[in-house]
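Worksheet for the structure shown next.
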């Protein structure tokens, strides 16, 4: 999809996507699925950065709230792990447009898988 991943610390991630007509829905706005995929990528990277060498994970639930439409330009998701237990973790993210306005929020629950 063309995601750009910035450096992040343990339990954090910042992922950007350059939006344009290639991501538009029939109403000429960025498809909600592209925004959800950006949120999923950022939250997955953030949670993945908390794993030990013998661990993997899977997302078991994800929710996205759309706050305003996007037509084009760069949108950026900033994600952070709020809780990380032995088996379950909870992650949140905020997606902003190039002007810094919030366009969506997301949360997910992940399960840790021991290898």
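All of the numbers you see were taken from the coordinates with simple rules; none came from a lab. These numbers come from a predicted model, not from an experiment. Here Cβ is always computed from backbone atoms with ideal geometry, including for glycine, and neighbour counts include all displayed protein chains.
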Inter-part distance where region 82-104 and region 58-75 are each reduced to a Cα centre, Å: 10 Å
Two-decimal ratio, the chain, of alpha-carbon radius of gyration to 2.2 N^0.38 Å: 1.07
Mean Cα-pair separation over length for the chain, i.e. relative contact order, pairs under 8 Å, 6 or more apart, %: 29 percent
Additional length obtainable on full extension of the chain from residue 10 to residue 60, 0.36 nm per residue less Cα span: 15.9 nm
The chain: angle of helix 32-48 to the longest principal axis, Cα-based, in degrees nearest 10: 30 degrees
R0 of 41 Å, Cβ-Cβ distance residue 68-residue 115: FRET efficiency to nearest 0.05: 0.50
